[in-house]
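First comes the structure, then the notes that go with it.
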Amino acid sequence: MNKLLKIFALLLCGMVIGGAFVGLTDIEDAFGSDFSSESSPLDEGSLLNCSYRILGLLKTRDYTGLSEWVHKEKGLLFAPYSTISPGENQVFLPAIVKNFGNDNTIYIWGITDGVGKPIKMTGGEYFNRFVYDADFLNALNIGINTINRYGNALENVAEIYTSAQFVEFHFSGSEELEGMDWKSLKLVFEKSGGKFYLTAIIHSEWTV
């Protein structure tokens, strides 16, 4: 089923994935009618379409393009592990996201699993370690509003974002390490003012 979703998404997006590596200058054009619609939530095809566009921006570190998907007041939350901790996770407004490539500010993104020390990194360093640390554009396991794999960390995206939708891209890990090197990336979309925005990027991996 996951592989079929992948194939379906590729067919649906057509040239979208190739175009994803170019910064998006107009969100409403990127989403088309789905983005600005006042009606029901994004259907699965449009949700995948949007997710692949975001992945393209993440892969190429196109922070300007990414910032255009972020709500101007609510911002974008980053969670290094599966559990979302409101008030503790970093939330950035578009202007900060846009400047990640040139921003040398050290932020505290959470606590390192198994070590207990603060995760102190620049935006660029965090992206390398806790955002696009695997080729999620080519992940074969895709879950729409579904968690592919549960670890020791609490999966609370549905409880925190009750009116949102998310897509999870998952790598199951290697046989050599018995799957302990698995990774997932969730992109969470939420509606605000009749439009859909990227509201959270949640990274998941094996934790102690």
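Quick note: the coordinates plus some simple rules give every number you see, no bench work behind them. The structure displayed is predicted, hence computed values, not measured ones. Here the Cβ is made from the backbone with ideal geometry for all residues, glycine too, and neighbour counts use every protein chain on show.
Using the Karplus curve 6.51 cos²θ - 1.76 cosθ + 1.60 with θ = phi - 60°, what ³J(HN,Hα) values do you get for each residue of the range 142-158, in whole Hz, with x for Gly and Pro?
With the stated coefficients, the range 142-158 comes to 10, x, 9, 6, 9, 8, 6, 8, 9, x, 6, 6, 5, 9, 10, 4, 5 Hz.
When ranked by the protection proxy of mean other Cβ atoms within 10 Å per residue, highest first, what sequence do the peptides 76-83, 59-66 form?
Ranked by mean Cβ neighbours within 10 Å, highest first: 76-83, 59-66.
Run the quick spin-label model on E88 and N156: label points 7 Å from Cα toward the beta carbon, then report their separation in nm to one decimal.
About 0.8 nm separates the two model spin labels.
Please work out the Cα center distance from the range 140-208 to the range 98-114, rounded to the nearest Å.
If you average the Cα positions of each part, the centres end up 20 Å apart.
Find the percent of Cα-Cα distances in the range 167-208 that exceed 13 Å, and round it to a whole number.
In whole percent, the long-distance tail amounts to 61.
Give the residue list of chymotrypsin sites (Phe, Trp or Tyr not before Pro) in the range 103-182 that are DSSP loop and have at most 15 other beta-carbon atoms within 10 angstrom.
Passing sites in the range 103-182 are Y150.
For the pair K72 and K195, how long in nm is the line joining their label points, each one 7 Å along Cα→Cβ?
The modelled label-to-label distance comes out at 0.8 nm.
At 0.36 nm per residue, minus the direct Cα-Cα distance, what do D135 and A95 gain on full extension? Give it in nm, one decimal, please.
Going from the current span to full extension adds 11.8 nm.
With respect to the cross-link table entries K72/K186; K120/K191; K72/K183; K98/K120; K74/K183, which display a Cα-Cα separation exceeding 24 Å?
K120/K191; K72/K183; K74/K183
List the residues, sorted by chain then number, that are 5 or more residues from A200 or on another chain and whose placed amide H is less than 5 Å from its amide H.
Amide H neighbours of A200: L77, V188.
What nm distance separates the two modelled labels at I108 and N145, each placed 7 Å from Cα along Cα→Cβ?
Label at I108, label at N145, 3.7 nm between them.
In the range 158-208, what GluC sites (Glu not before Pro) fall in a loop by DSSP, with at most 13 other Cβ atoms inside 10 Å?
E175, E176, E178
Quick one: which residues, 5 or more positions from I111 or on another chain, have an amide H under 5 Å from its amide H? H modelled 1.01 Å from N in the peptide plane, none for Pro or chain starts.
I119
Whole-Hz ³J(HN,Hα) for each residue in the range 175-188, computed from phi via Karplus 6.51 cos²θ - 1.76 cosθ + 1.60 with θ = phi - 60°, x for glycine and proline: what do you get?
Calculated HN-Hα couplings, in order: 5, 4, 9, 6, x, 6, 9, 5, 9, 9, 9, 9, 10, 10 Hz.
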